[in-house]
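Participant: Structure below; questions to follow.
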Amino acid sequence: MKHLRTYLQCVSIAWLTLALPTLKANANIQNGVPPGFVYTEGATFMLDGREFYFFTYGSGIGDPETEFMDKERIDAHMRRLYRNGVRVVRLWGFSHEEWHGFEIEKGVYNEPQFMLFDYVVKSAEANGLKLIVTLENYWNDYGGIKDRLKWEGIEVAGAGTHDQGQFFTNRPAIEGYKDYVQYFITRVNHYDSVEYRNDHTILAWELMNEPRYQGFADDVSSSVLRAWVDEMGQFIKEIDPHHLLGTGLEGQGTKYGFGADAGNDFIKTHQSPYIDFTSAHSLYMSRAVEYREVVLFAKKSTDIGDGPVEGSLNRRQPLFVIEHIPVGLCVDFILQLRG
């Protein structure tokens with residue numbers, strides 16, 4: 001069904017994932033983190049003083065209050081996810097389309113869509129789920145940054161041409177993104193009058209789905225994307241200091257053994273002091289040997305910081321691996337990482 005496809009998207013499986021909400025008690029909750037908010041300690045997600053492991057999902061389901069949304073279907077889907085061991089849903093917090101779009105023109109926010117998202121948040125809370133919300137898309141689906149450039153009078157083909165990367169150096173487009181992010185994060189849920197930034201149902205924000213700065217003579221250094229991540233990270237953390245923040249990065253790179261150099265180096269981008277966890281998308285890994293490669297990559301990238309490793313993250317962070325890992329391989333992947 002097309003309903004809710006705007007933001008329930010992308011099959012996602014994290015390495016910090018088994019269907020176990022808590023495993024080991026910790027003596028103290030991280031200073032300054034309110035109860036119910038997920039935070040990190042080293043390479044581990046934490047919730048209320050305990051390690052937090054989760055199986056995460058995203059999909060497409062079914063329709064202000066009675067005409068725009070199908071509450072029963074939303075609730076049934078959330079209950080089904082919980083029964084199947086899912087504890088976290090990664091979902092889209094963006095769309096520029098007229099049909100169920102959040103921002104259909106620059107600065108024009110669609111209240112019925114936000115009301116629908118309000119209900120999704122409340123349904124997730126009622127059914128024991130947390131949400132990772134991605135705030136924009138690099139790709140053309142649902143408009144993405146291609147539309148943000150169009151709103152500034154710049155027509156690009158986007159998608160695989162990668163000319164949409166101009167967004168990361170276009171100041172009016174960036175400011176439009178920041179306006180939208182601020183509106184989204186400070187949104188007051190009309191069901192309970194709680195701002196999203198104060199709602200612990202939300203586990204984390206992601207800056208963008210699969211950001212790149214590819215083909216602009218910056219494929220290896222990744223300086224442009226890192227500067228954008230730093231600026232957006234600082235901006236969001238000043239508005240919302242409690243929620244975790246991720247990049248939405250794919251984690252590819254020739255030096256990691258899969259994917260290509262695309263102006264989004266895993267280590268350099270995640271070294272931003274405003275980013276709390278790392279991410280990698282596994283859709284490039286079509287053969288079993290490549291899954292073994294990403295296991296080694298994950299171990300290296302999340303464990304560095306304990307010694308003088310060249311190009312290290314400087315601190316340990318959890319790794320969130322998403323998109324299309326078969327469950328059998330994923331479980332093996334988790335066990336190897338924890339071993």
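Participant: Are there any pairs with C-beta distances below 7 angstrom linking a residue in the range 140-158 that is closer than 15 Å to His96 by Cα to a residue that is of a type in the set (Lys, Arg) and surrounded by fewer than 22 Cβ atoms within 10 Å (Cβ to Cβ), with the two at least 6 apart or on different chains, and if so which?
Facilitator: So the pair list comes out as Trp151/Lys106.
Participant: Just a yes or no: is a residue in the range 267-289 at pLDDT below 85, over 28 Å from Asn137 (Cβ atoms) and part of a helix (DSSP H, G or I)?
Facilitator: Among the residues of the range 267-289, at least one is at pLDDT below 85, over 28 Å from Asn137 (Cβ atoms) and part of a helix (DSSP H, G or I), which makes the answer yes.
Participant: While we're on this one: Restricting attention to the range 194-245, and to residues there that are of a type in the set (Asp, Glu) and part of a helix (DSSP H, G or I), which single residue is farthest from Thr269 (Cα to Cα)?
Facilitator: Filtering the range 194-245 down to residues of a type in the set (Asp, Glu) leaves 195, 199, 206, 210, 218-219, 230-231, 238, 240.
Next cut, part of a helix (DSSP H, G or I) only: 230-231, 238.
Working: Asp230: 9, Glu231: 12, Glu238: 19 Å.
Filtering first and then ranking leaves Glu238.
Participant: Further, regarding this structure: Taking Ala157 and the conditions (1) crowded, with 18+ Cβ neighbours inside 10 Å; (2) more than 30 Å from Arg83 (Cα to Cα), which numbered condition does it fall short on, given that it satisfies the others?
Facilitator: The failed condition is (1).
Participant: Hey, another quick one. Would you check if there is a residue in the range 79-95 being small (Gly, Ala, Ser), part of a loop (DSSP other than H, G, I, E, B), more than 17 Å from Thr201 (Cβ to Cβ) and modelled with pLDDT of 90 or more?
Facilitator: Residues of the range 79-95 small (Gly, Ala, Ser): 85, 93, 95.
From what is left, the residues that are part of a loop (DSSP other than H, G, I, E, B) are 85, 93, 95.
Checking which are more than 17 Å from Thr201 (Cβ to Cβ) leaves us with 85, 95.
Still in the list and also modelled with pLDDT of 90 or more: 95.
Within the range 79-95, one or more residues are small (Gly, Ala, Ser), part of a loop (DSSP other than H, G, I, E, B), more than 17 Å from Thr201 (Cβ to Cβ) and modelled with pLDDT of 90 or more.
Participant: May I pose another question? Quick check on Asn170: is it more than 21 Å from Gln234 (Cα to Cα), more than 19 Å from the chain's Cα centre (by Cα) and surrounded by 15 or more Cβ atoms within 10 Å (Cβ to Cβ)?
Facilitator: Numbers: more than 21 Å from Gln234 (Cα to Cα): no; more than 19 Å from the chain's Cα centre (by Cα): yes; surrounded by 15 or more Cβ atoms within 10 Å (Cβ to Cβ): yes.
For Asn170, the condition - more than 21 Å from Gln234 (Cα to Cα), more than 19 Å from the chain's Cα centre (by Cα) and surrounded by 15 or more Cβ atoms within 10 Å (Cβ to Cβ) - is not met.
Participant: Yes or no: Ile104 surrounded by fewer than 23 Cβ atoms within 10 Å (Cβ to Cβ), out of contact with any Ser or Thr (no Cβ under 6 Å at 6 or more places or on another chain), β-branched (Val, Ile, Thr) and at pLDDT 85 or above? Show your work before the answer.
Facilitator: Details: surrounded by fewer than 23 Cβ atoms within 10 Å (Cβ to Cβ): yes; out of contact with any Ser or Thr (no Cβ under 6 Å at 6 or more places or on another chain): yes; β-branched (Val, Ile, Thr): yes; at pLDDT 85 or above: yes.
Here the answer is yes, as Ile104 does meet what is asked.
Participant: Being among the hydrophobic types (A, V, I, L, M, F, W, C) and in a helix (DSSP H, G or I) is the filter here; which residues of the range 124-146 pass it? Don't jump to the end; show me each part of the working.
Facilitator: Initially, the range 124-146 is screened for residues among the hydrophobic types (A, V, I, L, M, F, W, C), giving 124, 126, 129, 131-133, 135, 139, 145.
Once the filter is applied, which keeps residues that are among the hydrophobic types (A, V, I, L, M, F, W, C) and in a helix (DSSP H, G or I), the range 124-146 yields Ala124, Ala126, Ile145.
The values are calculated or read from the model by the stated rules, or taken from the named source; none is laboratory data. What you see is a predicted model; the values in this text were computed from it and never measured. For neighbour counting, all protein chains shown are included, and Cβ atoms are generated from backbone atoms with ideal geometry for every residue, glycine included.
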